[in-house]
Amino acid sequence: MNRSNTKTIIRRQRLYEQLFILLGLVALLVALMTLLALFTRLAIDGMPRLNPDFFTSFPSRFAEKAGILSAWVGSFLVMFVTACAAIPLGVSAGIYLEEYAPKNRWTAIIEINVMNLAGIPSIVYGLLALGLFVQTFGFGQSILSAGLTLALLILPIIIVSTREALRGIPGGIREAAYALGATRWQVVADHLLPYSSGGVLTGVIIGLSRAIGETAPIITIGALTFIAFLPTSPFMAEFPFISFKWVLDPFTVMPIQMFNWTSRPEEAFQFNAAAAGVVLLAMTLLMNGVAIWLRYRIRKSIKW
Amino acid sequence: MKNSHPRARKRRIKEQFIEIGLLTAACSSVAITFAIIFVLLKESLNFFAEVPLFDFLTDTQWTPLFDDAHFGILTLISGTVTTTLVALAVAVPLGLTIAIYISEFASPRLREIIKPILELLGAVPTVVFGYFALIVVTPLLQKIYPDLPGFNMLSAGLVMGIMIVPYISSVSEDAMRAVPMQLREGAYAMGATRLRTALTVVIPAAFSGLAAALTLGSSRAVGETMVVAVAAGMQPNLTLNPLQPAATISSFIVQVSLGDLPHDSIGYKTIFAAGLTLLLITLVFNVIGYWLRQKFREEY
């Protein structure tokens with residue numbers, strides 16, 4: 001092989017490499033530009049409708065008068081139920097799998113099962129909820145059914161992030177606590193949980209941001225698309241001041257409201273859909289932003 | 001420790017209660033799986049008591065809510081397959097290229113910026129993507145191909161593809177980053193460029209992880225509902241042509257659920273049979289993925 005031949009080969013390989021870098025940047029740009037196009041288009045279409053009235057009005061037959069009051073209140077209440085159900089259950093399961101579980105076949109089955117649950121399409125959870133919560137348990141098409149459905153859906157996310165947060169804590173911390181005579185639960189409650197709380201919180205926020213945008217399973221349990229009233233107030237004038245009647249009330253949520261407006265033929269409703277989309281997107285991006293920031297801070301501040 | 005102190009005993013009992021509580025929480029995930037299988041099977045059995053399985057698998061029409069009812073699930077499967085293939089045709093090349101770029105070429109600083117942004121792409125609610133497909137992508141495609149109907153599987157599939165790029169790229173990138181540095185250094189020492197190293201050393205070594213990324217992406221695409229429900233129309237259509245409107249398994253379930261469903265109606269039972277089919281399809285993907293992971297697993 002003579003020298004000029006080698007040089008050509010090297011030059012050609014370098015060129016391929018440059019071309020690939022270009023390709024990689026183009027691929028990134030396609031993804032990012034899509035995201036950007038989505039944001040701008042949604043903002044352009046939705047901005048004119050984003051006035052205070054939009055947030056304080058019920059849906060209406062007239063596009064200009066319609067608002068998202070019942071939708072955002074519904075989303076908020078459903079998220080509350082979801083958080084109440086998913087956080088204790090998911091964090092407990094994560095603690096058990098990471099700190100208590102013996103290494104045997106049963107544990108392996110539970111672990112594989114959690115991974116598989118994460119792969120099940122969300123609409124199948126909707127069918128589960130329709131058969132179980134709505135029909136069998138008789139919760140009806142209520143906030144409670146929806147909240148529990150979304151709780152099941154995000155359970156794997158919370159379990160996995162709890163486990164990862166716990167795994168990141170060095171074994172020395174556990175050993176030091178045990179050496180002082182702490183029981184297993186004391187180690188978990190007094191040491192591991194406080195140290196892992198940032199990681200757990202990140203997982204919870206990501207899970208809830210996924211839940212708030214979920215549409216399909218909530219449609220499946222039969223959430224109404226046209227709700228021009230609010231659920232019963234959780235606060236009462238007389239004792240005990242707090243009422244839980246609202247959990248069994250019918251409801252609608254942001255993504256369903258947006259879907260409903262998107263599927264109307266009149267163009268005016270498309271602008272409402274875009275405005276609802278802006279609000280929905282702002283909610284999810286805010287939650288994700290907080291989660292990313294939190295993770296970044298944990299990585300920076302904790303050096304074991 | 002028979003004559004232990006009462007306080008120590010009390011504490012032990014408390015510990016045991018807590019452990020049982022935590023175990024119960026962990027087992028709830030298994031209970032969810034069983035509940036899903038039980039509910040889907042129970043309602044599907046009611047369905048198959050009325051509709052022969054043979055008709056379900058071979059009929060070429062899907063009109064469960066009409067007087068002349070036909071239950072050919074192939075019609076819905078064709079929609080699911082078509083949109084999934086379009087989505088994968090976008091997501092696999094894009095996702096893999098991005099993963100190789102981030103893992104092998106990008107500087108750590110660029111990586112720190114890009115990864116959260118890609119994550120945001122995966123966090124956008126699917127109904128928003130549906131709006132984007134219907135209002136932005138379809139009119140754009142109609143400029144290139146004027147005969148394209150307002151509802152079509154192409155634009156739904158393309159947007160779905162962009163949507164699952166982050167899933168494929170992040171799992172692939174994790175797999176490639178897990179490949180030990182020595183393997184790369186070996187290749188560099190032989191005079192290979194970074195691209196050649198990536199293609200001939202890193203990708204083969206990370207293949208089982210890439211297979212996992214692919215299965216994850218596919219099962220996301222198969223189960224994706226709202227983009228298709230908004231942008232692909234909801235008429236069942238036995239075709240593999242992405243330029244046509246069609247219903248998928250999941251968008252059919254949504255369409256039926258939007259109406260008021262009496263508990264004992266055939267429509268109610270039908271969505272469970274459709275859901276069972278969807279679950280079986282994703283199960284097949286997961287089994288293939290598991291098999292690929294086992295077959296190509298590399299230990300270092």
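The values are calculated or read from the model by the stated rules, or taken from the named source; none is laboratory data. Computed from a predicted structure; not experimentally measured. Quick reminder, even Gly has a Cβ in these numbers, built from the backbone with ideal geometry, and neighbours come from all protein chains shown. Areas reflect the complete protein model, heavy atoms only, side chains present, ligands, DNA and RNA absent. Shrake-Rupley method; radii C 1.70, N 1.55, O 1.52, S 1.80 Å.
Identify, from the list A:I218, A:I159, A:I154, A:I205, the residue that is open to solvent by 10 Å² or more (accessible area, probe 1.4 Å) and in a helix (DSSP H, G or I). Break it down stepwise before answering.
Details: A:I218 fails: open to solvent by 10 Å² or more (accessible area, probe 1.4 Å); A:I159 fails: open to solvent by 10 Å² or more (accessible area, probe 1.4 Å); A:I154 fails: open to solvent by 10 Å² or more (accessible area, probe 1.4 Å).
The match here is A:I205.
When you go through (1) more than 24 Å from B:V256 (Cβ to Cβ); (2) buried (at least 24 other Cβ atoms within 10 Å of the Cβ) one by one for A:E175, which number turns out not to apply?
Evaluating A:E175 over (1) more than 24 Å from B:V256 (Cβ to Cβ); (2) buried (at least 24 other Cβ atoms within 10 Å of the Cβ) leaves (2) as the failure.
One residue is enough: does segment B:287-296 have a residue meeting the conditions in a helix (DSSP H, G or I) and open to solvent by less than 10 Å² (accessible area, probe 1.4 Å)? Steps first, please.
In the first step, residues of segment B:287-296 are kept if they are in a helix (DSSP H, G or I); the result is B:287-295.
Now drop any that are not open to solvent by less than 10 Å² (accessible area, probe 1.4 Å), which leaves B:289.
Yes: segment B:287-296 contains one or more residues that are in a helix (DSSP H, G or I) and open to solvent by less than 10 Å² (accessible area, probe 1.4 Å).
Any residue that is basic (K, R), facing chain A (nearest Cβ under 9 Å) and either more than 30 Å from B:D264 (Cα to Cα) or open to solvent by 10 Å² or more (accessible area, probe 1.4 Å) (or both) - is there at least one of those in segment B:42-52? Walk me through how you get there before you give the answer.
Filtering segment B:42-52 down to residues basic (K, R) leaves B:42.
Right, trim to facing chain A (nearest Cβ under 9 Å) and you get B:42.
Still in the list and also either more than 30 Å from B:D264 (Cα to Cα) or open to solvent by 10 Å² or more (accessible area, probe 1.4 Å) (or both): B:42.
Yes, the conditions are met somewhere in segment B:42-52.
Taking B:I253, is it buried (at least 20 other Cβ atoms within 10 Å of the Cβ), within 14 Å of the chain's Cα centre (by Cα) and not charged (D, E, K, R)?
It is false that B:I253 is buried (at least 20 other Cβ atoms within 10 Å of the Cβ), within 14 Å of the chain's Cα centre (by Cα) and not charged (D, E, K, R).
Go through segment A:194-212 and count every residue that is modelled with pLDDT under 90 and over 18 Å from A:L89 (Cα atoms).
Of the residues in segment A:194-212, 1 are modelled with pLDDT under 90 and over 18 Å from A:L89 (Cα atoms).
Against the definition (under 27 Å from B:S257 (Cβ atoms), facing chain B (nearest Cβ under 10 Å), touching a residue at least 24 places away in the same chain (Cβ under 8 Å) and small (G, A, S)), how does A:S145 come out, yes or no?
It is false that A:S145 is under 27 Å from B:S257 (Cβ atoms), facing chain B (nearest Cβ under 10 Å), touching a residue at least 24 places away in the same chain (Cβ under 8 Å) and small (G, A, S).
(1) open to solvent by 10 Å² or more (accessible area, probe 1.4 Å); (2) within 14 Å of chain A (Cβ to nearest Cβ); (3) at negative phi; (4) not hydroxyl-bearing (S, T, Y): which one isn't true of B:G191, the others all being true?
Among (1) open to solvent by 10 Å² or more (accessible area, probe 1.4 Å); (2) within 14 Å of chain A (Cβ to nearest Cβ); (3) at negative phi; (4) not hydroxyl-bearing (S, T, Y), the lone unmet condition for B:G191 is (3).
Between B:V222, B:V227, which is at pLDDT 90 or above, in contact with a helix residue (DSSP H, G or I) (Cβ under 6 Å, 6 or more places away or on another chain), more than 9 Å from chain A (Cβ to nearest Cβ) and in a helix (DSSP H, G or I)?
B:V227
If only one of B:L76, B:L94 is within 14 Å of another protein chain (Cβ to nearest Cβ) and touching a strand residue (DSSP E or B) at 6+ places or on another chain (Cβ under 8 Å), which one is it?
Numbers: B:L94 fails: touching a strand residue (DSSP E or B) at 6+ places or on another chain (Cβ under 8 Å).
From the options B:L76, B:L94, the qualifying one is B:L76.
Can you go through B:G79, B:G95 and tell me which one is more than 23 Å from A:V124 (Cα to Cα) and modelled with pLDDT of 90 or more?
Every option except B:G95 fails the conditions.
Quick one: in segment A:124-138, which of the residues that are within 7 Å of chain B (Cβ to nearest Cβ) and open to solvent by 20 Å² or more (accessible area, probe 1.4 Å) is farthest from the chain's Cα centre (by Cα)?
A:Q135
Go through (1) free of Cβ contacts under 8 Å to residues at least 12 places away in the same chain; (2) surrounded by fewer than 21 Cβ atoms within 10 Å (Cβ to Cβ) one by one and return the number of the condition B:V128 breaks.
So the condition that B:V128 fails would be (2).
Give the residues of segment A:26-82 that are without any contact (Cβ under 8 Å) to a residue 40 or more places away in the chain and of a type in the set (D, E, K, R), sorted by residue number.
Listed by number, the residues that qualify are A:D53, A:R61, A:K65.
From B:L199, B:L140, grab the single residue that is closer than 29 Å to B:W291 by Cα, open to solvent by 20 Å² or more (accessible area, probe 1.4 Å) and in a helix (DSSP H, G or I).
The conditions single out B:L199.
Cβ-Cβ under 9 Å, sequence separation 6+ or interchain: first residue in segment A:261-285 and more than 10 Å from every other protein chain (Cβ to nearest Cβ), partner among the small types (G, A, S) and part of a helix (DSSP H, G or I). Which pairs?
The qualifying pairs are A:R264/A:A273; A:F271/A:G46; A:N272/A:G46; A:A275/A:G46; A:V279/A:G46; A:V279/A:A71.
Are there any pairs, at least 6 apart or on different chains, whose C-beta atoms fall under 8 Å, with the first in segment B:24-39 and assigned by TED's automatic domain parsing to the domain that holds B:T282 and the second buried (at least 18 other Cβ atoms within 10 Å of the Cβ) and among the acidic types (D, E), and if so, which?
Cβ pairs passing all conditions: none.
Here are B:G233, B:G259: which of them is surrounded by fewer than 17 Cβ atoms within 10 Å (Cβ to Cβ) and within 12 Å of chain A (Cβ to nearest Cβ)? Break it down into steps so the answer makes sense when it comes.
Values: B:G233 fails: surrounded by fewer than 17 Cβ atoms within 10 Å (Cβ to Cβ).
Only one candidate passes the filter, namely B:G259.
In segment B:125-142, is there at least one residue being of a type outside the set (V, I, T), more than 10 Å from chain A (Cβ to nearest Cβ) and touching a Leu at 6+ places or on another chain (Cβ under 6 Å)?
Looking through segment B:125-142, at least one residue is of a type outside the set (V, I, T), more than 10 Å from chain A (Cβ to nearest Cβ) and touching a Leu at 6+ places or on another chain (Cβ under 6 Å).
Going by the structure shown, is A:L42 over 30 Å from A:R264 (Cα atoms), among the hydrophobic types (A, V, I, L, M, F, W, C) and facing chain B (nearest Cβ under 10 Å)?
No: the conditions fail for A:L42.
Pairs needed: first member in segment A:185-204, closer than 16 Å to A:G172 by Cα and within 13 Å of chain B (Cβ to nearest Cβ); second member anywhere, open to solvent by less than 60 Å² (accessible area, probe 1.4 Å) and of a type in the set (K, R); C-beta distance under 7 Å; at least 6 residues apart or different chains.
As it stands, the answer is A:V187/A:R174, since those pairs meet every condition given.
Restricting attention to segment A:178-190, which residues are open to solvent by 60 Å² or more (accessible area, probe 1.4 Å) and not in a loop (DSSP other than H, G, I, E, B)? Even if it seems obvious, please write down each step before you answer.
Going residue by residue through segment A:178-190, those that are open to solvent by 60 Å² or more (accessible area, probe 1.4 Å) are A:178-180, A:184-186, A:190.
Once the filter is applied, which keeps residues that are open to solvent by 60 Å² or more (accessible area, probe 1.4 Å) and not in a loop (DSSP other than H, G, I, E, B), segment A:178-190 yields A:Y178, A:A179, A:R184, A:W185, A:Q186, A:D190.
If you check A:L38, A:L89, A:L69, which single one turns out to be modelled with pLDDT of 85 or more and under 27 Å from B:I162 (Cβ atoms)?
Answer to the selection: A:L38.
Could you please let me know if A:I109 is crowded, with 20+ Cβ neighbours inside 10 Å and either free of Cβ contacts under 8 Å to residues at least 24 places away in the same chain or not assigned by TED's automatic domain parsing to the domain that holds A:P265 (or both)?
no
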